[in-house]
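The values are calculated or read from the model by the stated rules, or taken from the named source; none is laboratory data. This structure is a prediction, so every number in the text was calculated from the model and none was measured. Cβ coordinates were reconstructed from backbone atoms using ideal geometry, including for glycine residues, and neighbour counts include every protein chain displayed.
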Amino acid sequence: MYLAPGDPASMRAAAAQLRLRAETLGRVASNVDCDVAALTYVGPAADRFREAIATSSSSLHSMSARMVNVADTLTRQAAVVEEQQLLQAARLQADQGMY
């Protein structure tokens, strides 16, 4: 019998780092949105600029949300790996007690 592979603690640490980076990305995108909204730049070029920034900002917010989803999945899977390891260790201990 072998233990389920994986390192739940490292998985949780990676999820925390990913979540932190996602929050930073979302915050930067929001700051850019605020800065662009405060501009007094007008005219057709300004409209194109705002549209381009809005598109990029939307992509950044979407990426941030996907990163949080991946971090959540990683955290859930760490719990699954940990549970499998505990169950396998308990079975191994019980099997050894029988001999």
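Below are the figures for this structure:
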read-out	value
Residue 86 vs. criteria within 18 Å of the chain's Cα centre (by Cα) and not in a loop (DSSP other than H, G, I, E, B)	no
Contacts under 9 angstrom Cβ, first residue in the range 74-99 being farther than 29 Å from residue 16 by Cα, partner surrounded by 10 or more Cβ atoms within 10 Å (Cβ to Cβ) and at pLDDT below 95, 6 or more apart	92/3
Members of the range 55-75 found to be hydrophobic (A, V, I, L, M, F, W, C) and under 12 Å from the mean Cα position of the chain (by Cα), listed by number	63, 65, 67, 68, 70, 71, 74
Members of the range 6-54 that are within 12 Å of the chain's Cα centre (by Cα) and loosely packed, with under 15 Cβ neighbours inside 10 Å	13, 16, 17, 20, 21, 23, 24
Lone unmet requirement of (1) under 15 Å from residue 22 (Cβ atoms); (2) surrounded by 12 or more Cβ atoms within 10 Å (Cβ to Cβ) for residue 66	(2)
Failed criterion for residue 80 (all others in (1) hydrophobic (A, V, I, L, M, F, W, C); (2) within 12 Å of the chain's Cα centre (by Cα); (3) under 17 Å from residue 10 (Cα atoms) hold)	(2)
